[in-house]
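**Student:** Okay, handing you the structure first.
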Amino acid sequence: MGHRYLGYETLEGGRIARITLNRPQARNAQNRGLLVELGEAFERAEADDAVRVVILRGAGASFSAGHDLGTAESLAEREPGPDQHPTYRRNGSTLGGAEGRVRQEWHYYYENTKRWRNLRKITIAQVHGNVLSAGLMLMWCCDLIVATEGTVFADVVGTRLGMCGVEYFAHPWEFGPRKAKELLLTGDSLGADEAHALGMVSKVFRADEVSERTLEFAARVAKVPSMAALLIKESVNQSQDAMGFSTALDSCFTLHQLNHAHWSEVSGGQVYVGTADYGLDDWRAAPAILPARRDTP
């Protein structure tokens, strides 16, 4: 299966599949083509009975800088023409009003992420550099997270786009309720060691050894019998769901769409996120992301 935006390989005698996001020039920002290919790659690993663990990582300087809001490639995907992605001609994209946007985001930002969270394999996110906004979604849907030293985690859509977080709103479950509010309202970041202290990140490795060490970690996990591994995953996921995780995700996705509708109404249908015209920092020239420090306002 050929891919334009990612790489797929199997290792350790086929027991480990490794998916590499491969848009380094865009810091692995998520255009539609990449997301569709990622779904195909996860399905390929899921269908392969030899694979027990899937590693997801990114090429270049960052794991993922979030949704692709403005590269020429992403803009061409959306508009009629030879470069339009076929998903922009179905699943609500031809409908008017909020309906088209809601259905498109449900299919390609939300439901796909939930599907990956429940993949019938153990998944490990290997992250580095900046993991921003929708980059968190790709990381959080994995069962385990490994980070390099110096990794930065932040959701800046509140401060830069006037939005209440991303479509897969796992922030309170991953950061804790008050820390989630702080990070969303300020746009500040957490480092790898802080994320490890929260329990969000399992391991922190040096950049020059992260691929090798993550593979070693995955090989340990792959030794667990596949039935036992899946039932461990299901036991934890179902316990989390019993505490309201999936219901909360559904509710927050609806709130996310209300936020889009607000900006669409305010702007007379011109935009569906906040812009500099409405008092926000221009995301293309936004100030640096600051670390969330206990002694800094």
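Read-outs: derived from the displayed coordinates by stated rules, not from any lab. Bear in mind that the values here come from a model prediction, so they are computed numbers and not experimental data. Cβ: placed from backbone, ideal geometry, glycine included. Neighbour counts: every protein chain shown.
**Student:** Arranged from highest to lowest average of other beta-carbon atoms within 10 Å per residue, in what order do the peptides 32-38, 254-260 appear?
**Tutor:** Numbers: 32-38: 21.0, 254-260: 15.7.
Going from most to least packed, we get 32-38, 254-260.
**Student:** Given A261, Q30, L144, which one lies farthest toward the positive end of the charge dipole of the range 6-285, if we put +1 on the Cβ of every Lys and Arg and -1 on the Cβ of every Asp and Glu?
**Tutor:** Ranked along the dipole, the leading option is L144.
**Student:** So in the range 6-285, what percent of DSSP beta bridges are antiparallel if you round to the nearest 5?
**Tutor:** Working: 8 of 30 bridges.
The antiparallel proportion sits near 25 percent.
**Student:** Name the trypsin sites (Lys or Arg not before Pro) in the range 217-267 that are in a loop by DSSP and that have at most 16 other C-beta atoms within 10 Å, would you?
**Tutor:** K223
**Student:** Non-local amide H neighbours of L280 (under 5 Å, H modeled in plane, Pro and chain starts lacking H): which ones?
**Tutor:** T275
**Student:** Among the lysines in the chain, how many pairs, 8 or more places apart or on different chains, have alpha carbons under 15 Å apart?
**Tutor:** Lysine pairs meeting both conditions in the chain amount to 4.
**Student:** Could you give the dipole magnitude of the range 158-297 about its Cα centre, charging the beta-carbon of Lys and Arg +1 and that of Asp and Glu -1, in debye to the nearest 20? Provide the component values of the computation, followed by the final result.
**Tutor:** Working: 13 positive and 18 negative charges, 77 e Å.
It comes to approximately 360 debye.
**Student:** Treating each Cα of the chain as an identical point scatterer and ignoring solvent, apply the Debye formula and state log10 I(q)/I(0) at q = 0.11 Å⁻¹.
**Tutor:** Each listed q maps to, in turn, -0.66.
**Student:** Apply the Karplus curve 6.51 cos²θ - 1.76 cosθ + 1.60, θ = phi - 60°, to the phi angles in the range 30-40 and return the couplings in whole Hz, x for Gly and Pro.
**Tutor:** Each residue of the range 30-40 in turn: 8, 7, 4, x, 5, 5, 5, 5, 5, x, 5 Hz.
**Student:** Roughly how many debye, to the nearest 20, is the charge dipole of the chain about its Cα centre, given +1 on each Lys and Arg Cβ, -1 on each Asp and Glu Cβ, and no other charges?
**Tutor:** Dipole size: approximately 440 debye.
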